[in-house]
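*Asks:* The structure's right below; bear with me while I get my questions together.
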Amino acid sequence: MLRIENLEVAYGKAVALHDVSMQVNDGELVALLGSNGAGKSTLLKTISGVIQPRSGSILWNDQEIHTLPSHKIVALGIVQVPEGRAVFPELTVSENLRMGSFARKDDTAVTGDMKLVFDLFPRLKERRRQNAGTLSGGEAQMLAIARGLLSAPELLMLDEPSLGIAPVIRDNIFKVITQVFEERRITILLVEQNAKLALNMSSRGYILENGKVSLEGKGSELIDNDYVKRAYLGY
Ligand SMILES: Nc1ncnc2c1ncn2[C@@H]1O[C@H](COP(=O)(O)OP(=O)(O)OP(=O)(O)O)[C@@H](O)[C@H]1O
Ligand SMILES: [Mg+2]
């Protein structure tokens, strides 16, 4: 279980997160919504240990993690797929995937997971010898997610996996996310601009506005909320 308490994060004098508290229970898919600049990526980066908070705490299974370096946080099973399809362009698809499993010692399980991600994303299998830098945007996003899965996460944090991706590929990516969530019982924290898509698939959601949590609730409650409808669903 991930528990965030009274988190404050600043870039120099500019405060990006004010007093943020939230919780992601084991086996939940939690959506994090908010407009551009609301602080969503900042929150994920702080959980991953890329950014240190100014105050507040982040607990993973009751252990404080906000003081740990990012590689130790990954080793605890908290894996972030960052915004913007981050892949190693000079490495092939297969090599990128192996980077994801770098810290794992269970070779048999890694081989099984490699097979799993190729089944989930047949396009990556077709292109496994191709340099990642030559993939299309959608393919690179698939690779970034697949690499995240290969690090055997307990908590997978996805930062806008559908950004700039054609609807067909986006649907495929979300199908895979749902499948992995259901079959592998991975806990997921999903940042997504498409509020309808995100709330429909999530157990609960949080809305972040100007660095503060302005609303939280079950996915089904938020989707019926008048304010959410107006501000995020466009009707
Ligand atoms: N490295 C940085 N230095 C200074 N300010 C930053 C830095 N990164 C982010 N910010 C600022 O912090 C605020 C939150 O940014 P963040 O990237 O977390 O927003 P976001 O919710 O992920 O937005 P988007 O939907 O556009 O990705 C913004 O005002 C942004 O300009
Ligand atoms: Mg962002």
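*Asks:* Just to confirm a number: summing +1 for Lys and Arg and -1 for Asp and Glu over residues other than I186 whose beta-carbon lies under 13 angstrom from that of I186, what do you get?
*Replies:* Net of charged neighbours comes to -4.
*Asks:* Under 8 Å for C-alpha pairs, at least 6 residues apart: give me the relative contact order for the chain, rounded to a whole percent.
*Replies:* Worked out over the chain, it gives 27 percent.
*Asks:* Rg and Dmax in Å for the range 34-109, alpha carbons only: what are they?
*Replies:* Cα radius of gyration and Dmax of the range 34-109 are 14.7, 42 Å respectively.
*Asks:* Rounded to the nearest 20 debye, what is the charge dipole size of the range 103-235 about its Cα centre when +1 sits on each Lys and Arg Cβ and -1 on each Asp and Glu Cβ?
*Replies:* Charge dipole of the range 103-235: 360 debye, to the nearest 20.
*Asks:* Where the centroid of each part is defined by its Cα atoms, how far is the range 43-117 from the range 130-163 in Å?
*Replies:* Centre-to-centre (Cα) distance: 12 Å.
*Asks:* Cβ under 13 Å from A75's Cβ, A75 left aside: what net charge do those residues give with Lys, Arg +1 and Asp, Glu -1?
*Replies:* +2
*Asks:* Can you sort V168, V30 by how many other beta carbons sit within 10 Å, fewest first?
*Replies:* Neighbour counts put them in this order, fewest first: V168, V30.
*Asks:* On to the next question. Could you line up R123, R185, R147, R204 from fewest to most neighbouring Cβ atoms inside 10 Å? Walk me through the numbers on the way to the answer.
*Replies:* Numbers: R123 17, R185 10, R147 25, R204 20.
Going from least to most buried by this count: R185, R123, R204, R147.
*Asks:* Also, I was wondering about something else. When the scattering of the chain is computed by the Debye formula from its Cα atoms alone, each counted once and equally, what is log10 I(q)/I(0) at q = 0.08, 0.16 Å⁻¹?
*Replies:* For the chain at q = 0.08, 0.16 Å⁻¹, log10 I(q)/I(0) is -0.28, -1.16.
*Asks:* Nearest 5 is fine: what % of DSSP beta bridges in the chain come out antiparallel, could you say?
*Replies:* 55 percent
*Asks:* For n ≥ 4 DSSP H runs only, could you compute -39500 (n - 2.57) per run for the chain, divide by its residues and tell me the 222 nm figure to the nearest 500? Don't jump to the answer; show the numbers that get you there.
*Replies:* On the way: 9 runs with 87 residues, N = 235.
Counting only the DSSP helices, I get -10500 deg cm²/dmol.
*Asks:* Give me the percent of Cα-Cα pairs in the range 54-158 that sit more than 23 Å apart, rounded to a whole number.
*Replies:* Numbers: 1610 of 5460 pairs.
Percentage above 23 Å: 29.
*Asks:* Report the full-extension gain for the segment R185 to Y235: residue separation times 0.36 nm, less the Cα-Cα distance, to one decimal in nm. Write down the numbers at each step before the final one.
*Replies:* Values: separation 50, 0.36 × 50 = 18.00 nm, distance 3.34 nm.
Using 0.36 nm per residue and subtracting the Cα-Cα distance, I get 14.7 nm.
*Asks:* Select from the chain the helices, each a whole stretch of DSSP H, whose alpha-carbon atoms run 18 Å or more along the helix axis and whose Kyte-Doolittle mean is at least 0.0; answer none if there are none.
*Replies:* Working: long enough: 107-120 (20 Å, 0.45); 137-150 (20 Å, 0.75); 167-184 (25 Å, -0.06).
Membrane-span-like by this criterion, though nothing is claimed about a membrane: 107-120, 137-150.
*Asks:* Would you count, across the range 1-113, every pair of lysines whose alpha carbons are under 21 angstrom apart, provided the pair is eight or more residues apart or spans two chains?
*Replies:* Qualifying lysine pairs in the range 1-113: 4.
*Asks:* Can you put R129, R104 in order of Cβ neighbours within 10 angstrom, beginning with the fewest?
*Replies:* Details: R129 9, R104 13.
Listed from fewest to most nearby Cβ atoms, that is R129, R104.
Every number here is computed from the coordinates shown, using simple stated rules; none is lab data. Since we're looking at a predicted model, the values are computed, not measured. Every residue, glycine among them, receives a Cβ derived from its backbone with ideal geometry; neighbour counts consider all protein chains shown.
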